[in-house]
Every structure is written in C-alpha cells, then in structure tokens.
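Written out below as structure tokens is the structure these notes cover.
The values are calculated or read from the model by the stated rules, or taken from the named source; none is laboratory data. Everything quoted here is computed from the prediction, not taken from an experiment. Counting neighbours? That spans all protein chains shown, and the Cβs are built from the backbone with ideal geometry, glycine included.
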Amino acid sequence: MTIGQDLLRADRPDAERGGGPRGSGATRGPRRSRRGSGAAGGRAGLTPAALLVPSAAVLIVVVGYPLVTLLVMSFQEFGRAQAFGAPAPFVGFDNYVRVLTDSTFWTVLLRSLAFCAVNVAATMTLGTLIALLMQRLGRALRLLVSVGLLLAWAMPALTAVIVWGWMFDTQFGVINHLLTVLTGTDFANHSWLIDPLSFFLVATVIITWQSVPFVAFTVYAGLTQVPDEVLEAAQLDGAGPVARFRLIVFPYLKSIFLVVTVLQVIWDLRVFTQIFALQGIGGIREQTSTIGVYIYQTSLAGGEYGTGGAIAVLLVILMLAISLYYVRATLKEDES
Amino acid sequence: MKKLAFAAMGVAAALTLAGCSGGAASSGGGGGGDEAEIRVWLNGTDTPDEAREYLKTTFEDDHPGSTLTIEEQSWTGIVDKLTTSLSGSDSPDVVEVGNTQSAAFTSAGAFLDLSDHYEDLGGDDLLPGFVEAGTYDGTFYAAPYYSGARLVFYKKDLYAAAGLSVPTTLDEYVSHGVALAAANPGVSGIYFPGQDWYNALPFIWENGGEIATEEGGEWVGGFSSPESQAGLKQVQTVMTTASLAPKDGNETDPQVPYCAGTVAQLSAPSWVRWSILAPADADAPGCPDQEANLGVFALPGKDGGAAQVFAGGSNVAVAAKSANPELAVDALKIMLSDEYQTILGTAGLVPAKVSLAGTIGTDEAATAITEAATNAKLTPASPRWADVEAAGILQDFFVKVAQGGDVAALAEELDARIEEILNS
C-alpha cells in the first residue's frame, strides 16, 4: 500500500511538469488554482497549529519544565542541602559515570526489563483471551464481565496493593488459609514476599490484574471491526478457531496489538507504586527494586538528586526510543 | 472547545484572584491580618487524640479567625516526604520528625532558627538529648516533642503456666522466649518481625558493640566487631527459634498478633500498651479483656538492670518556608506547654520536659518506662544517618538474619554500605 502511495506522490509533480512546458497560456489557469489551493492548505496548516497551542503550553509547563530541570540536575552535585537552597556546582558527566559503572544499576535495569517482559506477555495474553470471551458471551454476562473489568481498572494502584497485600499476608492472609485447607500442606506463616521470585509473582498478579481491563476493552472494540463474512467464509473453508484468529483476526487487529503492547511496555517498565508499596509490606528492597523504585531510593530516600537524576535521564532516553517506535508505527498506520 | 475552556479558565482564575484580594483587604481592615491556616504534621498514631484536640482548640481560641489543621503522616518514608514538602512552596508549618532524623534537616537549613524562643519553649527543662538532636552548629532548630521508651509486654498466664518469673538479664529474656515458644506451639515466645531493627539494637549495645563509630573524621561500621557479632547471633537465635513473626514483616500493629493470642512476649514502644488495650469496637481494635493478663517490664541488660535501649522519640520544628512563622511558633509553644505535655505523659510517652516526668504515673508500666528511659541510647550522630535509615539497608539486613543467613558475611556487607553513606 505504501509503495502505491509513493508512486502516486511521485506521479503528481511529473504530471505538473509534463503539463508545464507544453502550453504556456493554457497551464496558467490550473497553476493559479493550484496556488490557490496551496494557500488554503497553508491556512489549514495554521488552524491545527493554533489548536495545538493550549495543550502544547500545558505540556511545556507540566512536562517540559521538570524534564529540563531533571536534565540540568543530572549534571550537578545536588543533595539535600541543594534542595533547600545551597548552590549546586556542575560536575559534568560525573553522575552518569557513577551510575553506568555501578553494577547495581545494571542489575536493576535487567530486572526491570525481565519483569516488564513477563508482565506484558501475561497482560496481552489474558486481555486478548478475555476480549474473545466477551465476544461470545450473552448480554447479561458480558455486562457482568465489563463491570468487573471496570472496577479492577478504576481501583487506585495503592489501594489495590494494600488489599492484595492483606490477601497474601503471612500471618492472617486468606491465600495461605485457602491453600492450607485445599492442599492439606501447611501454608501458615508462609511469606510470599521474602523470596524475590515469589515477590515478583505477587507483583505480577497485582499489575496484570489492573492492566488486563485496558487491553481487554481495546481488543474487544477492535474485534467488532473484523467483518463477520470473512470469518464465516474461512469457517466454511474449514479453518479452525486458532487458524481464524491467527490468519484473519490478528492481521486485522495488528495495529491495535502493536499500540497496546508498546503502551504496556512503557507502563510496566516504569512501574513504581505497586513495587514500592509491596516493599513496605515485606520482602528485601535490595533484591526487588525496579528502575522506578531505584530512582526514588537514590534521589529522595538517599538525598542524591544528581545521581538519581542521571538514572532518570537514562530511563527517559530508553522510553523515548520505545515511544519513537510507537510514533513511527502510528504514522505508518495513518498513511495506509 | 479548548480555546473556550482556556478562556473560561482564565476568567475563573481572574475571578478567584480578585476574590482573594478582596477578602484579604477586608480582613486586613478588621482583624490585624492575623488570620491564617496553620498545618501541623504529626507522624503515626503516637500522639493521643486528646492532645490533638487540645492543640487545635487552644490555638484557635488564642488566635480567633485562624485555623489549625493536623495532618497525620505515616512514619514510613517520612524523610523523603519531608524533604519534598519542606523544600516546596506548599510547606507545612509545624512538623514532627524522628529524633534520629532531625540532623538531616537541621543541617540542610529546612527548619526555622528557634534560638530566640528557647527559654519560652522550656529552656533547660527540655530533655537534653533531644535538644542536642535538634541543634546544629550551635543553633537550636528543633524542640523535643516526646521520648518513647521501649518496654517488654508479656502474657502473665503463659509465664505462670511455664513457671517463669520476670527475667533479670538479657540472656534470661532470650531463654524465656525460647522456652515459651517450645511450650506453646503456634505462639511466638518473643515476637520479632524481620524488619524490626530497633529491637535488635539493645542486643548489640549490651554485648559491647556499636552501630558505627567516628574515628579521626571517618565513620567505621560496627556490625562486624566481635561484640556486635555476639549480639547479632543472639538476635538470630530469637528470630529463628523463638519468633513466629513474618521474617520480612515490619513492627507496625503488633497488637493484632498479640490480641490474636499468638504472642507471649513483645518488645515495643510504651504507647503500644494503649493499642493493645483499645476498645474492641475502635477503628484499630485491641483486646481490653487482656488488661489483667498484660504484664510489662523494662528490657533487662546483660548484667542485670535496664538494658541500653534505643531512645526513640520525636522533635518538633517550624518549617523554614512556613508562610506564617509567628503563628507556627505559637502552635509549637502550645505543644510544649505543661498542659499538652501532661496529656502525652499520661498516655505513656516520656514528656519533653524533665520536670513533668512524674506525669507518667507510678504503676508497673510507669516504673518500667522510667527505668528504660534512664539507659536509653541514640543512633550515630551524623547528618547522614537519616539516609542510612531511609535506604532501608538495616531492614534488609535483619530480614536476612531472620532467614538464617550468615551473620558475619552479612555484617561486613552492611558495614560497607553504612560507611559509604556516612562518609559520602
């Protein structure tokens, strides 16, 4: 499709050029009209720009200013005294060198990436399955599922962690109680958070539980766009449900899957609230910090804003790379 | 639509500003510009409701038109939160800060200089150790608020059943714990959650160890010293053989397992007594029916007498960025008044003034509090100490000790981290 479009675009100037030299008088008219339309295009270009001004202004104040401050801070020696007004000397790339040569940073980054991968995979799979389920449900049940999803989605992250924390509580948690009753083995006083793997299992449950609704709703909305007749035809040709999903539904929804996956990657990579709150309930901080929590610990708890700033800038660069991919994919989508 | 919305916002903002200036002008004409809202930050549930009520009504009676709002903060993460809010434009006026955390803020210039008010606030009657904690470079920034003593609470019936009497040495306390745990399956002989590093300190100190010492301007971590190691091994024994508390749990709400009947002995701040005895229908219910069964003593030392326990407590200060420093200082004076401090004393906290020590009472708990307070000890006096606490490395360390980790290797790691932070 893109190739066709490029050809079309390439054609236009050719046609114009082709028309130009032939008759000087006759081509004036169309040329002028072209120029006219060009001027209209200019006006049309101004209006969207003007409409963008308010949101751009808000973004510059709310996002741009802190980002610039962060960037400046990452090149300064900035501690607690500086936060209260002491002058902050510039130290060049010192903060970055300290971060990049610190093995803790790399451990935390790799841990975050692994955690993000698992969560995105779990969220996308579950979300898609639930969307497919909703498509097949009757009205009443679908409403019930939708309301359930909405409630999980609407729950503030901190509240969710506290409630899940109670369920997984070592001494009085319902999970330990149920497991003891159901399996017969003694789960009393089993700590779910003390082992890092088990800690991340709990974190994954909480985060997936809260992100599945967004994926499920988006994919469900997309599913309504898949033409029934194509699916029916495929069914008549003997395509099973898996083949239909793989060969028809997935290609139709490819752009939706792409956008949602990129968004999930960004959200899960910078996850903060759930991990931070869980660490307060149990577990060992050093073995369970993800990059967001690590930045917080370095900057706010440790009072080293400069070093924390450098880590944050590195994370921003990583996020920008992912976002650029997302923006490019969206632009391609717009073109086709 | 956006344009319209923005225009509307602009108009609304303009109107609001106009409204503000109008209000200020009229109040300036009538009441002398004294009207303001003072925000007081208190941490945790340590301050009893009666004291909060007294502070609010007294302040508002003294300053008609002004209001005082108490905003309760959580102890967890308080250093981070204070750093952000005290340096911002929306700073609270009066803040409570843990005594070991004061130095992080007094040294950074976050608090108002209170030297001129020293005499009004209580002068030499104030608890000396806490005045010291609130002073930096000879300037008095943060007043004492209260001191909390740590006590051991125990179940008298379990003691009687095991034929035990109140321990007189630290070793005996530990062996009691092990014996009680063995005799009562499902019950912690000594309830000791892994993150509770405050309660581990007496074991280190009583065995002659230190957290960290300053040698020639450099801080040296003390957890690997042979003395500290002896204490830490004792902590590990308690955590692994006498305690059923979560190995990675924290020390908040110990009344819950206590009232559930799974705790024989528990070392905790003195005010936990009121959490245990809270009415059964309270927001945080306790078990008042256990009152007669609740025994209390001061943690015994290695060679008898009271052990060196952690002198937990708080300082109060006025934020340097307070919009109404004079009113804030007035609120602070109420908090250090004899009436207010007496309320704290009757609630089991050691008042900020030496002369009010008698208000704690004379019952078993009061005697234990006074005894424990005589031998209390502080964390290293470094402005960076608060960063060690905030980094959570002490919690991590004791969680690993509770899991049965190698105490010597873990201590070396911890010392390195402590030195890194204190010497940076």
All positions within the stretch B:243-287 that are within 14 Å of another protein chain (Cβ to nearest Cβ) and small (Gly, Ala, Ser): B:Ser243, B:Ala245, B:Gly249, B:Ala260, B:Gly261
The stretch A:180-195, residues that are surrounded by 15 or more Cβ atoms within 10 Å (Cβ to Cβ) and either modelled with pLDDT of 95 or more or hydroxyl-bearing (Ser, Thr, Tyr) (or both): A:Ser191
Any hit, the stretch A:64-81, residues being out of contact with any helix residue (DSSP H, G or I) (no Cβ under 7 Å at 6 or more places or on another chain) and at pLDDT below 90: yes
Complete set of residues in the stretch A:81-116 that are surrounded by fewer than 13 Cβ atoms within 10 Å (Cβ to Cβ), more than 13 Å from chain B (Cβ to nearest Cβ) and under 29 Å from B:Ser102 (Cβ atoms): A:Pro89
Whichever residue in the stretch A:244-293 is more than 14 Å from chain B (Cβ to nearest Cβ) and not in a helix (DSSP H, G or I) and, among such residues, is nearest to A:Phe105 (Cα to Cα): A:Thr290
Filtered residue count, the stretch A:123-174, keeping only those that are closer than 30 Å to B:Ser243 by Cβ and among the charged types (D, E, K, R): 1
Looking only at the stretch A:307-336, and only at residues there that are in contact (Cβ under 8 Å) with a residue 12 or more places away in the chain and β-branched (Val, Ile, Thr), the one that is nearest to the other protein chains (Cβ to nearest Cβ): A:Thr307
Number of positions in the stretch B:252-292 that are of a type in the set (Gly, Ala, Ser) and assigned to a helix (DSSP H, G or I): 2
Near pairs, Cβ below 9 angstrom, 6+ apart or cross-chain, from the stretch A:55-70 (within 14 Å of chain B (Cβ to nearest Cβ)) to any residue that is charged (D, E, K, R) and surrounded by 11 or more Cβ atoms within 10 Å (Cβ to Cβ): A:Ser55/B:Lys2
Meets criteria (assigned by TED's automatic domain parsing to the domain that holds A:Phe214 and in a helix (DSSP H, G or I)) for A:Leu182: yes
Test result for B:Leu266, surrounded by 21 or more Cβ atoms within 10 Å (Cβ to Cβ), closer than 30 Å to A:Asp195 by Cα and among the hydrophobic types (A, V, I, L, M, F, W, C): yes
Unmet criterion (only one of (1) in contact with a Ser or Thr (Cβ under 6 Å, 6 or more places away or on another chain); (2) more than 10 Å from chain B (Cβ to nearest Cβ)) for A:Glu304: (2)
Positions within the stretch A:73-112 being β-branched (Val, Ile, Thr) and either part of a helix (DSSP H, G or I) or within 20 Å of B:Thr106 (Cβ to Cβ) (or both), in sequence order: A:Val97, A:Val99, A:Thr104, A:Thr107, A:Val108
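Residues are listed down the side, and each one gets a yes or a no for (1) outside the structural domain of B:Thr47 (by TED's automatic domain parsing); (2) crowded, with 21+ Cβ neighbours inside 10 Å; (3) β-branched (Val, Ile, Thr); (4) touching a helix residue (DSSP H, G or I) at 6+ places or on another chain (Cβ under 8 Å):
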position	(1), (2), (3), (4)
B:Pro351	no, yes, no, yes
B:Thr367	yes, no, yes, no
B:Ser382	yes, no, no, yes
B:Gly392	yes, yes, no, yes
B:Val401	yes, yes, yes, yes
B:Glu412	yes, no, no, no
B:Arg417	yes, no, no, yes
Test: residue in the stretch B:210-233 that is more than 25 Å from B:Glu389 (Cα to Cα) and either in contact (Cβ under 8 Å) with a residue 24 or more places away in the chain or away from every other protein chain (no Cβ under 14 Å) (or both): no
Filter result for B:Lys302 (closer than 30 Å to B:Ala108 by Cβ, away from chain A (no Cβ under 14 Å), basic (Lys, Arg) and in contact (Cβ under 8 Å) with a residue 40 or more places away in the chain): no
Filtered residue count, the stretch A:271-291, keeping only those that are over 27 Å from B:Val401 (Cβ atoms) and either touching a Leu at 6+ places or on another chain (Cβ under 8 Å) or among the hydroxyl-bearing types (Ser, Thr, Tyr) (or both): 2
Within the stretch B:374-389, tally of residues that are among the aliphatic types (A, V, I, L, M) and under 12 Å from B:Ser102 (Cβ atoms): 3
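Conditions tested, residue by residue: (1) touching a residue at least 12 places away in the same chain (Cβ under 8 Å); (2) surrounded by 13 or more Cβ atoms within 10 Å (Cβ to Cβ); (3) among the β-branched types (Val, Ile, Thr).
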site: A:Ser211; (1), (2), (3): yes, yes, no
site: A:Phe214; (1), (2), (3): yes, yes, no
site: A:Leu236; (1), (2), (3): no, no, no
site: A:Ile248; (1), (2), (3): yes, yes, yes
site: A:Ile256; (1), (2), (3): yes, yes, yes
Any pair with Cβ under 7 angstrom, 6 or more apart, that starts in the stretch A:168-196 at a residue that is more than 9 Å from chain B (Cβ to nearest Cβ) and ends at one that is outside any helix (DSSP H, G or I) and of a type in the set (Val, Ile, Thr): A:His190/A:Thr170
